[in-house]
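The values are calculated or read from the model by the stated rules, or taken from the named source; none is laboratory data. Being a predicted model, the structure only gives us computed values, none of them experimental. Note: ideal-geometry Cβ built from the backbone for every residue, glycine included; neighbour counts use all protein chains shown.
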Amino acid sequence: MQFKNEAGWLESLKVYAHPRVAGMFFLGFSAGLPLILVLGSLSFWLREAGVDRSTIGYFSWIGLAYGFKWVWSPLVDRLPLPVLTRLMGRRRSWLLASQLSIAAALFAMAGTDPAQNLSRMAYCAMAVAFASATQDIALDAYRIEAVEQRLQGAMAATYQGGYRIAMIAASAGVLWLAASVDQTALAYEHAPWRFAYLVMAASMGVGVITTLLIREPDVRVSEETLSREARTRAWLAHEGLHGPVLAAAAWVHGAVVSPFLDFVRRYRWQAVLLLALIGTYRISDVVMGIMANAFYVDMGYTKDEVATVAKVYGVGMTIAGAVIGGVLTARIGVMKTLFLGALLSSVTNLLFVWLAGRGHDVGGLIFAVSADNLSAGIASSAFVAYLSGLTNVAYSATQYALFSSLMLLLPKFIAGFSGVVVDARGYEYFFTGTALLGVPVLGLVWLAARAKARSAG
């Protein structure tokens, strides 16, 4: 019996040898790299270059590109690219185009000194964010379509592994690379950052090569979706539309309107509550995170200290938190774990109030980062499980883009004023405020849990 159990476990592990599952690790790396480079490491670079905190806070609005990706997700879902789509297929063509665009924009960022041309840096970072958000849309669609349901868990696991490795490379790796060629650590120079970002631009080659090697998924549209679109087309024709106008109207309805109508039809009045919860759940972490790197610089932490503690060690704690969150979700349910994650994310922000009063304290930094990242991992794990349960597989790509966009929209907007708050009131006041932002979220989780229980009953 024991031998059979061991054989079963070994057989289960073979799913990670599946070419598309293994390839997802490298695509996850390609997805994680640009996000941190424009929303994390860039703030450290800007602060070292002498850019004021208010401006750094406004730079976080670049992340709104991820919050609005649902706007153009129907185009990525259905619009063919000239030549590329015919040669590579719908998903791979968009993946390759976005990856090459990210690499080009990172190359432009590397050649720009924010101390000399801040506007150009903003435009380059916006280009990276837009191309990165487009890659996310195509990658989510590919992940859903590439393998059958039994392999989706393995796909998600390898994606997260690659994504977290990219986070280390784009945060700690960038700081280490810049520090390794920095000849004057006490004074700002552009050359170290140029070198680090050139290496990051070249690292996008991991995603490009993977996209060239993988196969386009074979997707069959469900009979229900085909029937619905046929009825819509017949109705539009009955209303007097013909030819190209009819084709365009039917396409817009199927690609843009139907995914949103489906969500409202399924959840009715609860849709407002669910969208409010999705839009605010990560607000405490996102708003606080924008000023984290500037805080480290102002507290006198070196690049090596931040890279080791906040980036490498911190990512490890996030992974540990995600594992704990997965176990808790299975043991006590999604909604209870969702509530716990929201509570911990809010409370642990208060540790940075304590850290601000201690100044340069590496031991204190380790403690604060440990608790904060562990809670973030628990919250993220529960939140992904929650979003997955809300998605209709018939419109998974567009609806997932909507949910993941909404998750960042309000938090990123509020985060844009974070530098103004710090300049006016100080770090202690700012970190306390971010903790209080998480309090209403607890109420929304409680209401969503009650609504779910009533629906189930």
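Assorted remarks:
- For the stretch 74-92, a tally of residues being modelled with pLDDT of 80 or more and surrounded by 15 or more Cβ atoms within 10 Å (Cβ to Cβ) returns 9.
- Test: residue in the stretch 24-46 that is part of a helix (DSSP H, G or I), surrounded by fewer than 24 Cβ atoms within 10 Å (Cβ to Cβ) and either in the same structural domain as Val297 (by TED's automatic domain parsing) or of a type in the set (D, E, K, R) (or both): no
- In the set (1) touching a residue at least 60 places away in the same chain (Cβ under 8 Å); (2) crowded, with 19+ Cβ neighbours inside 10 Å; (3) of a type in the set (Gly, Ala, Ser), the condition left unmet by Gly300 is number (2).
- Failed criterion for Leu87 (all others in (1) touching a Pro at 6+ places or on another chain (Cβ under 9 Å); (2) within 18 Å of Arg215 (Cβ to Cβ) hold): (1)
- Just so you know, in the stretch 303-358 the residues that are polar (S, T, N, Q) and at pLDDT below 90 include one that is surrounded by the fewest Cβ atoms within 10 Å (Cβ to Cβ), and it is Thr308.
- Cross-chain or 6+ apart pairs with Cβ under 6 Å, the stretch 84-96 first and at negative phi, then among the hydrophobic types (A, V, I, L, M, F, W, C) and part of a helix (DSSP H, G or I): Arg91/Ala138; Arg91/Ala141; Ser93/Leu84; Trp94/Val76; Trp94/Ala138; Leu95/Ala138
- Residue check, Met335 of a type in the set (A, V, I, L, M, F, W, C), assigned to a helix (DSSP H, G or I) and within 21 Å of Ala453 (Cα to Cα): yes
- Inter-residue pairs, beta-carbon under 7 Å, first touching a residue at least 40 places away in the same chain (Cβ under 8 Å) and in the stretch 329-342, second charged (D, E, K, R) and buried (at least 19 other Cβ atoms within 10 Å of the Cβ), 6+ apart: none
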